[in-house]
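Taking it in order: structure first as structure tokens, then the write-up.
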Amino acid sequence: MHILVTGANGFIGRHLTRQLLHAGGELNPDRLSVMDLKLDQIPSSPVIKCIQGSFADEALLAQAMDEPVDLAFHLASVPSGLAESNYALGVDANIHGTMALLEKLKQQGNTPTVIFASSIAVYGKPAVAEVNDDTLPTPNLSYGAQKVIGEVLLNDYVRRGWLGGCSVRLPGIVARPTEPNGAVSIFFSDLIRCLSYGEPFTCPVSASARSWLMSVTCCIENLLHAVSLATTVSKNGSRTANTYTLPALHVTIEDLVARIGELFPQHDVQSLIHYAPDPWVEENFGSYPPLILPRAKAAGFHDDGDIESLIKNALAGLE
């Protein structure tokens with residue numbers, strides 16, 4: 001199997017690439033093509049082919065697909081904060097780049113499967129009592145709108161029989177390392193990492209702020225699981241790209257800090273955290289309602305189980 005990973009040098013991409021090298025079974029790659037603007041954290045393996053540069057570059061895509069791709073994980077994107085501050089950059093990567101990738105995969109003629117990493121940003125600031133399997137996207141930032149467009153594009157390619165595919169809406173994935181990535185929500189990772197290591201942290205949302213979080217370990221398991229759920233074919237032969245919101249844990253900052261304190265009593269974490277809420281950050285990243293996703297769970301997607309497991313899994317992902 002020839003597997004392609006865009007955004008392979010990013011936080012999730014690095015974890016996914018390592019996992020694919022040891023996946024075994026049907027996901028065991030004969031070739032693993034990895035693409036990103038830089039590729040300095042990719043493991044060494046005879047099955048890996050590195051293509052450095054933009055995934056939207058047609059010449060580089062041709063290099064990646066000199067042998068037909070069977071499965072593509074499309075992780076590359078311009079993230080939330082950067083897509084909002086630099087609209088043209090976000091559109092170029094998140095819309096035009098995604099279109100270029102899908103078109104090149106279509107041209108292979110072998111109906112490859114695409115797993116598209118969408119985002120909970122498609123919901124914007126949900127003005128509902130809960131978000132469930134039937135909640136419609138209502139993006140209020142450019143990044144969320146661009147992810148919705150990516151989902152619609154993929155579904156159209158699947159409908160036409162050109163590709164198989166599944167869109168997976170990722171929650172906040174923790175704990176990201178200390179490297180800039182342009183995502184405003186990275187403060188969740190900073191909070192877990194700093195307090196667990198006994199370092200002070202200034203929190204840009206209040207103690208009562210609430211969001212949806214998932215460890216990178218759990219995220220990778222869900223992305224791999226999505227491959228088996230990529231396309232639904234109805235009795236009349238119509239094809240649909242399945243779209244799932246991952247069933248993350250709904251946590252408050254207060255509970256998250258308390259559990260870190262229980263796991264690391266030597267640090268007195270309450271003395272390490274200082275709250276300086278930014279109204280914009282609180283509104284867009286700290287006011288999520290409960291997440292109720294029976295369809296996603298019935299399909300086999302899962303969360304970390306509880307906050308303690310979330311923290312432990314998140315910290316393990318930093319190793």
When you scan the stretch 234-243, do you find a residue that is over 14 Å from the mean Cα position of the chain (by Cα) and closer than 29 Å to D36 by Cβ, even just one? yes
Being surrounded by 18 or more Cβ atoms within 10 Å (Cβ to Cβ) and farther than 30 Å from F201 by Cβ is the filter; apply it to the stretch 232-271 and report the residue that is modelled with the lowest pLDDT. A241
(1) at pLDDT 95 or above; (2) part of a helix (DSSP H, G or I) all hold for A83 apart from (1)
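Given the options S44, S54, name the one that is without any contact (Cβ under 8 Å) to a residue 24 or more places away in the chain and part of a loop (DSSP other than H, G, I, E, B). Steps first, answer last, please.
Details: S54 fails: without any contact (Cβ under 8 Å) to a residue 24 or more places away in the chain.
When all the criteria are applied, what remains is S44.
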Within the bounds of the stretch 14-21, is there any residue that is without any contact (Cβ under 8 Å) to a residue 40 or more places away in the chain and in a loop (DSSP other than H, G, I, E, B)? no
Note on the stretch 29-46: residues aliphatic (A, V, I, L, M) and out of contact with any helix residue (DSSP H, G or I) (no Cβ under 7 Å at 6 or more places or on another chain) are L37, L39
Can you confirm whether A209 is touching a Gly at 6+ places or on another chain (Cβ under 7 Å), among the hydrophobic types (A, V, I, L, M, F, W, C), in contact (Cβ under 8 Å) with a residue 60 or more places away in the chain and farther than 16 Å from G300 by Cα? yes
Select from the stretch 24-41 the residues that are under 19 Å from G165 (Cβ atoms) and not in a strand (DSSP E or B) and write down the one among them that is modelled with the lowest pLDDT. E26
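Table: residues versus (1) farther than 19 Å from I12 by Cα; (2) out of contact with any Lys or Arg (no Cβ under 8 Å at 6 or more places or on another chain).
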site	(1), (2)
S45	no, yes
S54	no, yes
L61	yes, no
E67	yes, no
H74	no, yes
Q107	yes, yes
N110	yes, yes
I120	no, no
P139	yes, no
Please verify whether V69 is of a type in the set (V, I, T), outside any loop (DSSP other than H, G, I, E, B) and in contact (Cβ under 8 Å) with a residue 24 or more places away in the chain, treating the condition exactly as stated. no
Considering only residues that are buried (at least 20 other Cβ atoms within 10 Å of the Cβ) and charged (D, E, K, R), look in the stretch 152-189 and name the one that is nearest to D133 (Cα to Cα). R169
Taking the stated definitions as given, is L195 over 21 Å from K147 (Cα atoms), at pLDDT 95 or above and within 22 Å of the chain's Cα centre (by Cα)? no
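Conditions tested, residue by residue: (1) of a type in the set (G, A, S); (2) on the phi > 0 side of the Ramachandran plot; (3) surrounded by fewer than 23 Cβ atoms within 10 Å (Cβ to Cβ).
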{"position": "V5", "(1), (2), (3)": "no, no, no"}
{"position": "G13", "(1), (2), (3)": "yes, no, no"}
{"position": "D30", "(1), (2), (3)": "no, no, yes"}
{"position": "P43", "(1), (2), (3)": "no, no, yes"}
{"position": "Q63", "(1), (2), (3)": "no, no, yes"}
{"position": "H74", "(1), (2), (3)": "no, no, no"}
{"position": "E84", "(1), (2), (3)": "no, no, yes"}
{"position": "A88", "(1), (2), (3)": "yes, no, yes"}
Restricting attention to the stretch 197-244, which residues are touching a helix residue (DSSP H, G or I) at 6+ places or on another chain (Cβ under 8 Å) and of a type in the set (S, T, N, Q)? S206, S208, S211, S215, T217, T231, S238, T240, N242, T243
Just to check your reading of the model, which residue among I3, I48 is more than 30 Å from L141 (Cβ to Cβ) and either touching a Phe, Trp or Tyr at 6+ places or on another chain (Cβ under 9 Å) or not assigned by TED's automatic domain parsing to the domain that holds F116 (or both)? I3
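Okay, residues lined up against (1) under 25 Å from N242 (Cβ atoms); (2) over 22 Å from the mean Cα position of the chain (by Cα):
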position: F55; (1), (2): yes, no
position: P68; (1), (2): yes, yes
position: L71; (1), (2): yes, no
position: V91; (1), (2): no, no
position: T98; (1), (2): yes, no
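The values are calculated or read from the model by the stated rules, or taken from the named source; none is laboratory data. Predicted model only: the values in this text are computed from it and were never measured. Note that each Cβ is placed from the backbone with ideal geometry, even for glycine, and that neighbours are counted across all protein chains shown.
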